[in-house]
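Every number here is computed from the coordinates shown, using simple stated rules; none is lab data. Quick caveat: nothing in here was measured; it's all calculated off a predicted structure. Please note: Cβ atoms are built from the backbone with ideal geometry, for glycine as well, and neighbour counts cover all protein chains shown.
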Amino acid sequence: MRLLLVEDEPKLASFVEQGFAQESFAVDVARDGEEALERVRAATYDLVILDIVLPGKDGFAVCRELRGMNLNIPVLMLSARGMVEDRVKGLDTGADDYLTKPFSFAELSARVRALLRRRDPVRLALKVADLVLDPISRIVRRGERRIDLTPKEFALLEYLMRNAGQVVTRAMIAERVWNFTWDRLTNVIDVYINHLRKKIELQDEPRLIHAVRGAGYVIRDPQDGD
């Protein structure tokens with residue numbers, strides 16, 4: 001899942017970004033309100049973590065514009081302000097939840113997961129053939145078999161499953177899973193694909209992940225053909 005963090009404090013932004021990376025989330029960081037709105041117009045996000053005190057447009061103004069776009073994106077507001085009036089204003093501008101600084105990452109993570117579950121509990125689970133991935137609980141099963149993945153393996157599989165039936169290039173994987181545009185990452189991606197195959201495709205199970213020569217990889221239901 002992809003989050004947009006709108007935070008101008010570098011240390012806090014790095015702390016939150018690294019925390020969610022460990023939980024297999026992809027995180028983009030915007031340093032001000034205008035950059036946040038540009039990113040939302042250019043990409044699809046599952047949730048926005050939005051600080052109130054920002055250079056230029058504050059979080060209240062950003063949230064109002066987000067709601068004006070008619071996008072169904074959960075918004076969690078962050079602020080050092082603890083006054084009831086500020087919390088009410090944040091919720092009235094369209095925020096779904098409000099967390100006051102300082103906070104623990106565990107609480108932030110729990111609130112994010114609660115908002116994601118509330119957003120669309122039925123469609124959250126991803127399914128290809130008998131392989132099912134739950135991005136909130138981070139549980140992966142093939143049939144009755146539970147599969148344990150590392151955070152990066154999970155993020156890679158989630159990206160493939162969100163694009164099931166479509167070929168994704170190594171460059172696309174590098175950008176969306178590793179947040180890099182680095183050609184030398186190609187070998188790393190191939191290694192991780194092999195790790196995934198060993199875990200989700202046992203000897204008696206049909207292959208799901210396919211290499212497309214000169215292009216990249218695709219995951220698809222065996223019934224859809226080659």
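Evaluate the relative contact order of region 126-224 (contact order divided by residue number), counting alpha-carbon pairs under 8 angstrom at least 6 apart; express in whole percent.
Relative contact order comes out at 29 percent.
Could the peptides 7-16, 208-217 be put in order, highest first, of the mean number of other beta-carbon atoms found within 10 Å of their residues?
With the highest mean Cβ count within 10 Å placed first, the list reads 7-16, 208-217.
Could you work out how far helix 10-22 tilts from the main Cα principal axis of the chain, as a 0 to 90 degree angle to the nearest 10?
Value to nearest ten degrees: 30.
What is the chain's relative contact order, in percent, from Cα pairs under 8 angstrom and six or more apart in sequence?
Rounded, it is 14 percent for the chain.
Could you work out how far helix 59-68 tilts from the main Cα principal axis of the chain, as a 0 to 90 degree angle to the nearest 10?
That helix lies at roughly 60 degrees to the long axis.
Which values, in whole Å and largest first, are the semi-axes of the equivalent ellipsoid of the chain obtained as the square root of 5 times each eigenvalue of the Cα gyration tensor?
Each semi-axis is the square root of five times an eigenvalue, giving 35, 18, 15 Å.
Please label the shape of region 2-119 as rounded, prolate or oblate, based on the square roots a ≥ b ≥ c of the eigenvalues of the alpha-carbon gyration tensor (a/c under 1.5 means rounded; beyond that, a/b larger than b/c means prolate, else oblate).
Since a/c stays below 1.5, the shape of region 2-119 is classed as rounded.
Apply 1/(1 + (r/R0)^6) to the Cβ-Cβ distance of THR100 and ALA125, taking R0 = 22 Å, and write down the FRET efficiency to the nearest 0.05.
Calculated value: 0.10.
What share of the DSSP beta bridges in the chain is antiparallel, in percent to the nearest 5?
Here the share of antiparallel DSSP bridges comes out near 50 percent.
Arrange the peptides 46-56, 135-145 so that the one whose residues have, on average, the most other Cβ atoms within 10 Å appears first.
With the highest mean Cβ count within 10 Å placed first, the list reads 46-56, 135-145.
Given the rule -39500 (n - 2.57) for each run of at least 4 DSSP H residues, summed and divided by the residues of the chain, what is its mean residue ellipticity at 222 nm, to the nearest 500 deg cm²/dmol?
Taken over the chain, the calculation gives -12500 deg cm²/dmol.
At a 10 angstrom cut-off on C-beta neighbours, averaged per residue, how do the peptides 95-107, 65-77 rank from highest to lowest?
Packing proxy ranking, top to bottom: 65-77, 95-107.
On C-alpha positions alone, give me the angle between the axis of helix 151-162 and the longest principal axis of the chain, in degrees, nearest 10.
Value to nearest ten degrees: 80.
From a point 7 Å beyond the Cα of VAL88 in the direction of its Cβ, which residues of region 31-55 have a backbone N at a distance under 13 Å?
No residues fall inside that zone.
Could you pull out every one of the lysines with an alpha carbon less than 18 Å from that of LYS127, ignoring same-chain neighbours closer than 8 positions?
List returned: LYS199.
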